[in-house]
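FYI, it's all coordinate maths here, none of it is from the lab. Only a predicted model underlies this, so the values are computations on that prediction, with no experimental measurement involved. Reconstructed Cβ throughout: ideal geometry from the backbone, glycine too, with neighbour counts over all protein chains shown.
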């Protein structure tokens with residue numbers, strides 16, 4: 001009897017079930033109310049009901065009002081909700097000491113709840129030697145690097161990064177805007193995990209030697225929480241506080257498996273809807289690594305549970321990649337290859353997690369970044385993208401990261417053979433949308449994402465796979481007054497958002513750059529193309545942006561688009577609308593089309609700019 005063939009997308013998808021809690025121990029719950037419930041009044045209400053409890057205000061910020069109630073096991077959560085309801089309307093009651101798959105009622109937010117940075121200073125731009133050798137390979141564009149090529153991506157000026165962690169030895173090597181304790185009285189300093197996360201994302205300028213991270217001019221804060229297992233409340237509090245303080249990107253690489261709660265649902269809703277002034281703060285979490293075997297199996301689970309925080313669609317779930325570009329394996333004592341990460345439907349992106357430079361000073365050495373370091377590196381890349389286009393909404397940023405990711409071959413690299421367990425290498429194929437349970441949508445590329453984020457022409461070039469052309473165009477636009485004067489940076493950033501939301505505009509933009517590419521290098525093709533066709537197509541695209549764009553432009557931007565349309569008509573169609581099309585000589589009198597083709601000759605050249613991958617191999 002032949003064994004049925006395993007589908008190409010399948011693997012041993014069995015997560016390890018976390019402790020459910022509720023084992024009859026002392027009552028420890030969070031009571032969430034719609035308005036603030038004063039602790040003294042709550043305490044009096046519980047005392048009057050005969051319940052001897054301890055009540056602490058956990059969080060009172062915007063629409064989120066949490067108190068923690070701890071008491072005897074005989075205090076039923078439903079009874080706690082009834083008593084608290086005599087003081088303020090209760091949204092929910094949830095365990096504070098263990099996870100649950102319950103979710104919160106919708107969070108009621110208005111414009112006054114939008115979070116904006118006030119006391120969190122932004123940094124100035126800095127310059128330093130850019131190194132991609134040795135353990136700094138993770139910054140490079142080649143192999144499995146994240147392509148943090150700062151001449152292309154910028155350095156993250158203006159972005160604010162929050163790292164949530166439970167240990168911070170070595171933090172003196174950092175240049176922190178602030179260190180915030182959540183549920184702690186002093187900094188835990190047993191290990192350097194949290195400081196390393198900050199350093200890989202942003203840098204450690206006070207280390208000896210100084211370390212330059214992915215976004216070296218982003219401004220970091222470190223939020224320190226209790227060790228895993230203490231509660232499921234500290235992480236949501238830290239996220240909400242970081243968002244309220246003004247964080248653009250937040251990463252937490254502590255052990256958060258099994259800690260989903262209604263409070264975390266509130267925190268992620270607050271990040272999405274109130275963060276960055278209502279545009280949405282980005283939360284990055286690692287896939288984690290579960291090597292235990294589920295019941296009845298001899299294989300490691302290596303499965304990201306669909307109930308874990310990293311599986312939430314509002315989160316950027318990051319898996320670790322190797323120096324060669326695929327999923328990260330390591331050699332055990334028997335020289336067998338084993339992986340360093342979970343797999344699952346919710347994995348979004350791959351980022352460097354192989355051996356990378358230890359960032360906190362001392363003799364040069366390498367550190368296994370794993371999925372923790374990969375998430376920190378990804379958070380730094382997110383900061384670069386948001387600094388490139390601060391107007392991006394969270395949903396737009398997530399789409400941009402996916403569409404600019406580098407495809408990854410899902411078949412295991414033979415160089416890693418022998419494997420400890422062939423099951424660890426599954427699945428070997430990608431779905432039609434490019435997703436694989438190990439790699440997500442591919443390897444994160446900061447250079448490609450930043451180019452596409454800030455400029456519509458670069459966006460179209462990146463989308464068709466012309467990465468070098470996009471980098472050349474961006475470089476030319478920085479120094480060429482004519483190209484720079486074609487449109488403002490503000491309009492360019494807005495048009496990127498339109499192109500991601502409007503399939504018609506997206507197709508039009510990509511058709512325009514494909515047309516220019518075909519005309520470049522051969523003037524006979526321009527001569528045989530109908531004069532004025534390129535200008536007409538450009539005018540139709542601009543006109544559509546005024547008619548029914550899914551993203552209404554600001555008045556100033558609309559005025560700029562209208563001015564460009566009027567300029568095109570005056571130069572190429574005459575001052576008045578004609579009953580008959582003007583002659584070919586009039587359409588090309590100003591020479592716009594030859595100038596566009598001359599620009600195409602420059603951007604589709606053959607010499608490669610430093611740090612950008614080869615053309616169509618990335619689309």
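Dividing the convex hull volume of the alpha carbon atoms of region 449-555 by its residue count gives 111 Å³ per residue. With bins 5 Å wide beginning at 0, the percent of Cα pairs of region 105-201 falling in each bin runs 2, 9, 15, 16, 18, 16, 12, 8, 3, 1, 0.
Taking 37 °C and 0.692 mPa s as the conditions, I'd like the Stokes-Einstein D for region 60-166 in µm²/s, using the Kirkwood hydrodynamic radius from alpha carbon pairs.
For the chosen part, D equals 168 µm²/s.
Panel values: the chain, Kirkwood radius from alpha carbon pairs, Stokes-Einstein at 25 °C and 0.890 mPa s, translational diffusion coefficient 93 µm²/s.
Kirkwood hydrodynamic radius, computed over distinct alpha-carbon pairs, for region 27-97: how many Å, to one decimal? Over region 27-97, the inverse of the mean reciprocal pair distance is 11.6 Å. What's the angle, to the nearest 10 degrees (0 to 90), between helix 592-603's Cα axis and the longest principal axis of the chain? Helix 592-603 sits roughly 50 degrees off the main axis of the chain.
Note on region 370-397 and region 95-157: Cα centroid distance 5 Å, given to the nearest whole angstrom.
Protection proxy ranking for 6-14, 293-301, using the average of other Cβ atoms within 10 Å per residue and placing the highest first: 6-14, 293-301.
Between 0 and 90 degrees, rounded to the nearest ten: what's the tilt of helix 262-274 against the longest Cα principal axis of the chain? With rounding to tens, the tilt is 30 degrees. In angstrom, the C-alpha Rg and Dmax of region 443-490 are 10.6, 35.
Percent of alpha carbon pairs in region 134-425 separated by more than 26 Å?
39
If you fit an axis through the alpha-carbon atoms of helix 39-48 and take the longest principal axis of the Cα set of the chain, what angle between them do you get, 0 to 90°, nearest 10? Computed tilt is about 40 degrees.
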